[in-house]
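Okay, structure first, notes after.
Read the figures in this text as sums done on the coordinates, not as results from a lab. This is a predicted model, so every value here is computed, not measured.
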Amino acid sequence: MTLSDLPYGAMVATAILTDCIKMDEEYVESMQGTREFELGWFAPGRYAFVLADIVQFSKPTPIGGKQGLWDWGTI
């Protein structure tokens, strides 16, 4: 799957945010070679979200106007 294969304007999963890590050189280096590193933007000063209880939907659910983090119960 490539980035162009991903749906836009849709939810594909839900998760609980359990931690937010400010990346430093050591953290970025520890992530090299992982799938996350291949798909993300890892650089010192950026943040990494730690997620739990991830539930992937069987098909994308259309939803608009919700960039960034938001609470599923508020829509």
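Which whole-number percent gives the relative contact order of the chain, counting Cα pairs below 8 Å spaced six or more residues apart?
Once normalised by length, the contact order is 45 percent.
Is the shape of the chain best called rounded, prolate or oblate, per the rule: a/c under 1.5 gives rounded, else a/b larger than b/c gives prolate, else oblate, with a ≥ b ≥ c the square roots of the Cα gyration tensor eigenvalues? Prolate, since a/c reaches 1.5 and a/b exceeds b/c. Over the residues of the chain, the helix contribution to mean residue ellipticity at 222 nm works out to -3500 deg cm²/dmol, using -39500 (n - 2.57) for each DSSP H run of at least 4.
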